[in-house]
Structure formats: C-alpha cells, structure tokens
Amino acid sequence: MSGMTQSIGFGRLSAWLLRQLSRPGASLLSLASGCLVLVILWAIVDWLVLSAVPPLADPAGCAEAAGACWPFWAEKSRFILFGTYPFDEQWRPMLASLLLLGLSIATGQMAVSGRWLDMRLFAGFWLAGMAASFTLMGGGILGLVPVDATKWNGLPILIILSTIALALALPVGVLLALARYQTRHRLLHRAAGAYVEIMRGVPMVTLLFVGVFVLPLTLPKGMAIDPIVAVLIALVFFHSAYFAEDVRSGLMALPAGQHEAASSLGLGFWQTARLVLLPQATERAMPALVNSTIGAYKDTSLVVILGLHDLSATARMAFSDVAWGNQALEAYVFVGVWFLISCSYLSWIGRRLAAQSAKARRRSD
C-alpha cells in the first residue's frame, strides 16, 4: 500500500514537472519568485537572529551590530505600548485594551460562526465595555487614581479610538444607507445623500481639527469636551459615511423583486429592511465593508497631528531617546508587526464570510 502511495505521489510530481517544463516562461518566473522569497526569508532570519544582539546582552553592542537590537525591545516595549501612562498603573490600560480586543475578537468569531447573541444583549456588552475602558483609563472613581487624558498613549488610545469609532459608525452608516435607499421620504433621502457626499468630500484631517478645535466653541458656556471624545465623534461622523455607501451598494445590487415580495406580504419598511434587505445587502457588500474597516483602523494613527500619541507616535518617542537613537527600524518593526497581525485577522474574517456566502449561494442554486 505504501509503495502504491509513493508511486502515485511520484507520478503527480512528474506530471507537475512536465507541465512546468512545457511552459518555460512560467517556469522561469516561478523559479525567480522562489529565489526571491528565499532571499527575503534569509535576510529576515539573519537580521532577527543570526546577526542580532541578544536581549540580555550589553546594549552598547547594538551600535556595531548588523542585526536587530533585542535589548531595545526588552527596554522600550512597555513604553511603546503604554507611553507616559503612570508606570505603576499600567495594568489599567492593559486591561482596557484586552477588554476591547476581546469584544472585537468575539464579534468576529460570532460573525464567522453565524451564532449571534440577542442584539440588545450584544449592544449592552459593547456599551459596558466602552464605559469600562474609559473608567479604567481615566480613573477618579472606584478607588482608581485619576490619570489625565494627555497621558493616554500607545496601544490603548489606538484600540479605544478605532474599535469604539467603528462600533458606533457601522450602525449609523446602516441607518444612513437605508435613509438614502428609500424614496418615500424625499427630504430624508436628500439629507442623507448630502451628508454622505459632504463627509466623503472632506479630508479626514480637516474633520479631526473641526472636532477638536471647533466643536468645543459651539458648546454652551461652561461646558467642555474631552479631546478624545471629540476625536471619537469626528471619526464616527467620517467613517459612517463610507459604511453607508458600502451598505447602499449592497442594497442597490438586490433585485427589485425582493422589496416587492416583502411588501406583498404586508411587511413594513423596517421589517423589510431587517429581515429581507440588510442580510442580503451586507453579504454582497462584505468585501467593501472589510476594506473600509481595515482602512479606518489604520487611519486612526492620523490623530498624532492633534497631540494624541498612538502606537506609532510612542514608537517614535522610544527611539528619540539619545541612548536608543539608532533603533528606529526596531521601533517601527514593533508597530508594523502589530498592524500586520491585526489587519490579517480582519482580512481572515472577511475571507471566511465571503467563502460562507459563496457556499450558501451554491446550495441555494
């Protein structure tokens, strides 16, 4: 039996080699690509391991080393993650980050499995998580030492701004898409269209400046708004417009008979939207929604221009130290690995959802 298996495997290998030899151009391209991948992998291994300075070695050796400076990561990783947040209280931003990450991962897993909690319970968990994250970061209650928002740096500020803004922007975008899709109320239809076009026509940086510097001027005298809350509001307004267009593209792709069939059954607009239109529209718009989510997540780093120090800003602060001035590459590799892992997870969720949708369509056909 094993001999037969080996002969089958050898036959497949021979057939593959014959196909490659029959196409010399493709064979040369495959060979060149393979060699390039090997060269890149060797360079990465050499930089990270072979030519690197070990974590417990003398940091002075980093000046002459051709590889990575592991002592920099050992010394500065905590600063990159939490910035100037009080050292003894850094368990709080760590817990807040883990809480929001856990909610985000749980949401992704529920989307992939299709096993959702009750929507009211699900929204309650998110609202409680948002409130708990701000309580942990700010303190001042429950015996927590107050910490000024100017010291909210690094990973927590990135996760708070991105996850909360996206969690609030998506339902707002869905409502905008439905308002623009329906034609019975013309004023609402045109107002939603005007809002979406204005938000998509204004640079995100401009909206952030308006949120931080103009919005407080419109408040009644004696009232103030925290810069982080102002940035969150601006991000929700901005990203909801893009989500609205993504969802509307899915709605426009549906056959007209879907809405007509729901109406013939006596369903109202909101019942039709919730039970018939939105499930199909979000399925069709999933690639665009995933793309907008990843883009919005990465664009959160633009808040650095407002003085909010996210992960990339604290990385720059870490190698601004005179003792570590030559470790810019190590700092940005740290940040790049984080974004690579998190964005790859979001892409994986999108691919799984697309594959499940394609499988469901094949079954229905």
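Taken as a whole, the condition of being of a type in the set (Lys, Arg) and over 22 Å from LEU161 (Cβ atoms) does not apply to ARG200.
Yes/no per residue for (1) among the small types (Gly, Ala, Ser); (2) within 23 Å of ALA132 (Cα to Cα):
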site	(1), (2)
ALA63	yes, no
PRO71	no, no
LEU103	no, yes
GLN109	no, yes
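Looking at the range 294-314 only, could you name the residues that are in contact with a Ser or Thr (Cβ under 9 Å, 6 or more places away or on another chain) and closer than 22 Å to ALA253 by Cβ? Hit for the range 294-314 is ILE294, nothing else.
For the residues ASP246, ASP299, the requirement of being among the acidic types (Asp, Glu), modelled with pLDDT of 75 or more and within 16 Å of the chain's Cα centre (by Cα) singles out ASP299.
With a requirement of 3 or more residues that are surrounded by 13 or more Cβ atoms within 10 Å (Cβ to Cβ) and of a type outside the set (Ser, Thr, Tyr), the helices (runs of 4 or more DSSP H) lying completely within the range 249-365 that satisfy it span 256-264, 278-284, 286-299, 311-319, 328-364.
Any chance the range 218-236 includes a residue that's closer than 19 Å to HIS189 by Cβ, without any contact (Cβ under 8 Å) to a residue 40 or more places away in the chain and not in a helix (DSSP H, G or I)?
Keep residues of the range 218-236 that are closer than 19 Å to HIS189 by Cβ, which gives none.
There is no residue in the range 218-236 that is closer than 19 Å to HIS189 by Cβ, without any contact (Cβ under 8 Å) to a residue 40 or more places away in the chain and not in a helix (DSSP H, G or I).
The values are calculated or read from the model by the stated rules, or taken from the named source; none is laboratory data. Only a predicted model underlies this, so the values are computations on that prediction, with no experimental measurement involved. Heads up, the Cβs are rebuilt from the backbone with ideal geometry, glycines too, and the neighbour counts pull from every protein chain shown.
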